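Structure first, then comments.
Any read-out appearing in this document is the output of simple, stated calculations on the displayed coordinates, not a laboratory observation. All figures in this text were calculated on a predicted structure; none of them were measured in a lab. Note that we place each Cβ from the backbone using ideal geometry, even for glycine, and neighbour counts take in every protein chain shown.
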Amino acid sequence: MTSLIIVSVLAVAVLYLGLFKYKTALLPVSVTGLLAAAAMAAMDWDLEKMYFSEMMLFDNYAVAFSILLILTTLLIFGLSRNYFEKISNNVAEYYALMLFALAGGVVMVSFHNLAMLFIGIEILSISLYVLAGIRRKDPASNEASLKYFLMGAFATGFLLFGTALIYGATGSFNLAAIASSGAFESALFRAGVLLMMVGLSFKVSVAPFHTWTPDVYEGSPGLIAMFMATVVKTAGFAAFLRLFLMAFAEASAFWAITVAILCILTLFAGNITAVFQDRFKRLLAWSSVSHAGYLLLAILAVGFSASSAVLVYTIAYSLASVAAFGIMILVSRARGNDHLDSFNGLARTNPFLAFTLTLAVCSLAGIPLTAGFFGKFYVFKVALAQGYTWLVVLAVINAMIGIYYYFKVIIAMYMKENANAVAIQLNPGFRLVLSIVVFLIFLFGIFPGLIANIL
Amino acid sequence: MSWISTIIFLPVVFLVIILLLPSRFREWYRYITLGTAILQAGIACIIYLRFDQAGSDGFQFLEKVPWIHLSLGNLGRLEIDYFLGVDGLSAPLLILSAVVMVAAAISSWEIKENMKGYFALFLLMDAAIMGVFCALDFFLFYVFYELMLLPLYFLIGMWGGPRREYAALKFFLYTLFGSVFMLLVIVGLYFSVTDPVSGAYTFNMLHMMDAANFVPGAVFSPEVVQTILGVPARLLGFAVIFIAFAIKVPVVPLHTWLPDAHVEAPTPISIILAGLLLKIGGYGILRICFGIFPDSALYFSWFIGMLGVISILYGALNALAMKDLKKLIAYSSVSHMGFVLLGFASFTTEGTSGALLQMVSHGILSTMLFFLVGVLYNRVHDRFIPNFRGLASHMPHYTAFVMVAFFASLGLPGFSAFIAEAFTLIGTFNSQSVNGLLPRWMAIAGSLGILLSAAYFLWTLQRMFFGTTRFRGGEAWSKQLIDLRPHEWAVLLPMALLTLMLGIFPSLFFDLSNSALANMVQELFETGKRHLDSLQYTNNLRF
Amino acid sequence: MSHFLIVGAALFSIGLYTVFSRKNAILVLIGIEFMLNAAILNLVAFGRYDRIDNEGQVFAIFAIVLAAATVAVALAIIINVYKQYKTIDPDKIKDMKY
């Protein structure tokens, strides 16, 4: 709880810093604040405290995901020095909006009441609508913002209506009360669950509600896209799983088949379309759709280890995404665009970047000894234990397709030449963040017990 | 001193040293790599000498350290161990790996560009290959197996020939296609097998090989027929893993990556591909497919033998038609590895020992053959058979080694391949009377393969090496085609001696493996038969 | 009770139809507002059965506030888009292709 307060206060403080033109203080203050927030969150470990008459529950699940969200944001901030200054004069708003979004994310992973879920999602989304369109002079950014807003608000409608129906069926917004209400057979409840599922699917870009994803990712500034792919997706899935685990677990026979269908659609839509992308950012956007599919697989296996599987997977995915988007930003800034050809010869000019991106992409593809492999392995294992053999077989086929397109960028970096490529300059923030990410991907790849034993 | 961990992680240590050395010491990289390979060969010698040959089927040099331990709540505990060991089946292959690595390290002298990357990847692959042969935990095996792929992909893709990207990706996707599905079977097996002591689910391969450890009613239980998607689970599991390894062997029709990969790969990588990677396929089939699913192996034995025969004949016929010397040798590998499959399928001690010796012998011979092609290619950058004539008088020493390699490969008595193929065929021939698995005509078809291999090797010898000296490149080529250099001698001579030694004293090899294999084959056949009888599949695949 | 539900469902459907059929971002926004208000209506209606906590009513107020915030941001975005493109038809704003 203290961490949530710190994050919110931090956001307001950063706004004021911007108001009084302390631009140089923005980054240090944000980083210190986030570190404090992460530390405070860690202090809540094993306490299982309820807040505000059972509106929020800081159990280990909430603490683990809060820390993940905060640390990912920290990594993104580490890359952001000199980034926002190039885009706009009002740098403080960036930090403030991202911190507000983060606060929304923390609420989303710790809600114990549908009202808090709704509020968390709205805080996150509204901040993001603005962030997506923050490059005001850039048509693509505007387009992304408009699309994201229309889709997001549309999804909110579904979510809210679903919440209302569930309230009608069970008489409460409290997760525990819903779970014990025993109203799982009523049509009202079922319609509510389906509507909420649609709403959440929009937010975490699950097919067929994913169509906004590539456009919004492409139009938004790189770091914001990174934020969407990591923090927002993690928060969204954590909320998704928390809701279905804590409130609807008993009714799983009814919604499991729908989730299974969504899972297959998402996997195929994401992976097959990604094969035909020749821009790296769009490729990452489609691949992020496909990763939603793998995460749905874990949600299907409601149970104790589902949350652990989602945590492991999101950690691996966030780390790899930070590296992939970060290098995409560097390359597109240096070479003018994010076309796959722009990566040609990167191995020769910047061996470190090429190696990091290779590692990130291998982790996304699920090659052993990277964190991503254990993430996929864990998810598959959990789903197989629940008997979803055919679903896992389809997921494995998709993992194969994934490897094909992820390797396109490796081929470009290592096996194609670019005669007039010059080395890309790295600022210390990038170097530090990328080194941390490389280290963690290896560490969690070789000793996955470190993260898999948390929950 | 844990020798096996040392042999696996020695390359990793030197890999780190290479990465830390600045590039002005780039000349050192190849010496470091060669030194690593020689050290590994030394350790392999120690393992050979210390190996208890009388110890029947027991695993030796065991090492076990807990690696990943998780609590999965209602699913029990996930326990993955770092578990290594060798027996009579893996020890010869481990020693072979160390020997071939030395040859590959020497032939890496031809690599001139981006040496840091090359030698780092080379050492990583080295470590992974050693690990595959020693891993006794299925998860660990899978990790090593996949870890080996990525460096190979880069080694072919970055230092290969003109169509390297295509060849590398094809190789990678083929192998991966097999292995990802294998992963699902691994998880299925994990949920089916428990540790007899602790009662927890386990990835331990030794436990998986003992039918008593299967949970009654689990997916892969050998007692009752379970089905996955309408197919009996054990048959499906066997087929999935078999396909994964058959791609590696390679078995026709899953072999199409091999000619591409070989043609595009640089010489040392070709050597490792043919000398070691194909052996991993054979090793996996015997250790994992046959070891864990003996009943399914019996069930499919006719089919596996048939695939072996097809590979032998198809590979040989293709080799006959090739104009590119490297492609010819690649197809001859397909043909020779067919014998391995045939020997395994016979379920006789002779057949299995012969097949294992064939793997070792082919490892040595293909190293020689690909190295010899590399010698020619490095000099004139051409390896088309019609472009050369009368090399014998121009490069006499070279020709001598080519003749040794060719004659050894086509199964001349006195060389290792002869013993190997003879044993394999004896086993196959006996199979009908001993256990009734393979019909006699398969042995006859196999010997036809030997005849065909004699045809293509001798024909190549006649076309390229005899007759009046005439090269497509004219005078320029005559100048470039100088005879063997010292470092080339250093590879070829020991290899030639090794194949001769194994041919004259096959007991050097058989002592190592025979007692283990004899027990293993007998046991596999009996348990397999028992389970097959109790499972009672309705239709039988024997035609 | 069922009257409220029917009205709510009808409002939701009208909103849904508006979102899909209208070519003007403002009208799409209005459609979304219809959907939100349908939900809010339902919340209040169901709140009748929850006399102790009045959770439904409280949630409705939260939803109204957040909807207002959304509209504020939305209008800003739409104005910005209009400045760039001189149109607010989402179908015409298509620089990006799949």
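The relative contact order of segment A:67-209 comes to 18 percent, based on Cα pairs under 8 Å that sit 6 or more residues apart.
Rounded to the nearest 10 degrees, the angle from helix A:389-415 to the longest Cα principal axis of chain A is 20 degrees. A viscosity of 1.567 mPa s and a temperature of 4 °C, combined with the Kirkwood radius over C-alpha pairs in the Stokes-Einstein formula, give chain B a diffusion coefficient of 55 µm²/s.
Calculated [222 nm] ellipticity per residue, helices only, for chain C: -26500 deg cm²/dmol; basis is -39500 (n - 2.57) per DSSP H run with n ≥ 4, divided by all residues, nearest 500. Taking the Cβ-Cβ separation of C:Ile30 and A:Ala177 as r and a Förster radius of 30 Å, what is the calculated FRET efficiency to the nearest 0.05? Computed FRET efficiency for C:Ile30 and A:Ala177 comes out at 0.30.
Here A:Glu143, B:Glu79, A:Glu93 are placed in order of increasing Cβ neighbour count within 10 Å, fewest first, which gives A:Glu93, B:Glu79, A:Glu143. With a ≥ b ≥ c taken as the square roots of the eigenvalues of the C-alpha gyration tensor of segment C:2-85, please select rounded if a/c is under 1.5 and otherwise prolate if a/b is larger than b/c or oblate if it is not? The shape class here is oblate.
Toward the positive end of the charge dipole of the protein assembly as shown, with +1 on the Cβ of Lys and Arg and -1 on the Cβ of Asp and Glu, the farthest Cα among A:Met55, B:Pro396, B:Ala345 is that of B:Pro396. The Cα trace of segment B:423-502 gives Rg and Dmax of 20.5, 61 Å, the first to one decimal, the second as a whole number. Across chain A, the mean sequence separation of Cα contacts (distance under 8 Å, 6 or more residues apart), normalised by length, yields a relative contact order of 14 percent. Under the combined filter of DSSP loop state and at most 15 neighbouring Cβ atoms within 10 Å, segment A:1-59 retains these trypsin sites (Lys or Arg not before Pro): A:Lys21.
Per-residue Karplus couplings for segment A:353-368, computed as 6.51 cos²θ - 1.76 cosθ + 1.60 with θ equal to phi - 60°, are listed in order as 4, 4, 5, 4, 5, 4, 5, 4, 5, 5, 5, 5, 7, x, 8, x Hz, Gly and Pro entered as x. Fully extending the segment from B:His69 to B:Gln522, taken as 0.36 nm per residue of separation minus the present Cα-Cα distance, adds 159.5 nm.
For A:Met56, the residues 5 or more places off, or on other chains, whose built amide H falls under 5 Å of its own are A:Tyr51, A:His112.
Here the Karplus curve 6.51 cos²θ - 1.76 cosθ + 1.60, taken at θ = phi - 60°, turns the phi angles of segment B:455-472 into couplings of 4, 6, 5, 5, 5, 4, 4, 5, 6, 8, 10, 9, x, 6, 5, 8, 10, 5 Hz, with x standing for Gly and Pro. With a Förster radius of 45 Å, plug the Cβ-Cβ distance of B:Val12 and A:Phe20 into 1/(1 + (r/R0)^6) and report the FRET value to the nearest 0.05. After rounding to 0.05, the efficiency reads 0.25.
Each part reduced to its alpha carbon centroid, segment A:67-143 and segment B:200-232 end up 49 Å apart.
Taking amide hydrogens as placed 1.01 Å from N in the peptide plane, the amide H of B:Asp137 sits under 5 Å from those of B:Phe83, B:Met205, each at least 5 positions away in sequence or on another chain. Phi angles across segment B:287-303 convert, under the Karplus curve 6.51 cos²θ - 1.76 cosθ + 1.60 with θ = phi - 60°, into 3J(HN,Hα) values of 6, 9, 4, 6, x, 8, 10, x, 5, 5, 4, 4, 4, 8, 4, 4, 5 Hz, Gly and Pro given as x.
Ellipsoid fit via the Cα gyration tensor, chain A: semi-axes of 33, 26, 20 Å, each the root of five times an eigenvalue, largest first.
Name the residues of segment C:1-38 whose amide N is less than 13 Å from a point 7 angstrom out from the Cα of C:Asp89 along the C-beta direction? Answer for this model: C:22-25. Distances between placed amide hydrogens fall under 5 Å for B:Leu78 paired with B:Leu70, B:Ser71, B:Leu72, all partners being 5 or more residues away or on another chain. Label sites at A:Ile5 and B:Leu49, each approximated as a point 7 angstrom past Cα along Cα to Cβ, lie 7.2 nm apart. Across all Cα atoms of the protein assembly as shown, the radius of gyration (one decimal) and Dmax (whole number) stand at 32.2, 108 Å. The simple Förster model, with R0 at 51 Å and r as the Cβ-Cβ distance, assigns B:Asp195 and A:Glu185 a FRET efficiency of 0.75.
Exceedance of the 28 Å cut-off in Cα-Cα distance is limited, within the set A:Lys137/C:Lys92; A:Lys381/B:Lys248; A:Lys376/B:Lys170; A:Lys137/A:Lys416; A:Lys408/C:Lys86; B:Lys112/B:Lys479, to A:Lys137/A:Lys416; A:Lys408/C:Lys86.
Translational diffusion of segment B:300-504, estimated by Stokes-Einstein from the Kirkwood radius over alpha carbon pairs at 10 °C in a medium of 1.306 mPa s, is 92 µm² per second.
Charge dipole of segment C:2-85 (Cα centre as origin; +1 on each Lys and Arg Cβ, -1 on each Asp and Glu Cβ, all else neutral): 340 debye, rounded to the nearest 20.
Please give the charge dipole size of the protein assembly as shown, origin at the Cα centre, charges +1 on K and R Cβ atoms and -1 on D and E Cβ atoms. Round to the nearest 20 debye.
3140
Tell me the relative contact order for segment C:2-85 as a rounded percent, counting alpha carbon contacts under 8 Å between residues six or more apart. Here the relative contact order equals 25 percent.
With helices as the sole contributors, chain A gives -25500 deg cm²/dmol at 222 nm; each DSSP H run of n ≥ 4 counts as -39500 (n - 2.57), and the sum is divided by every residue. Computed per residue of chain B from DSSP H runs no shorter than four, each worth -39500 (n - 2.57), the mean residue ellipticity at 222 nm is -23000 deg cm²/dmol. Counting every other Cβ atom within 10 Å of each residue's Cβ, B:Val185, A:Val231 order from fewest to most as B:Val185, A:Val231. Helix A:371-385 and the longest principal axis of the C-alpha atoms of chain A enclose an angle of approximately 30°.
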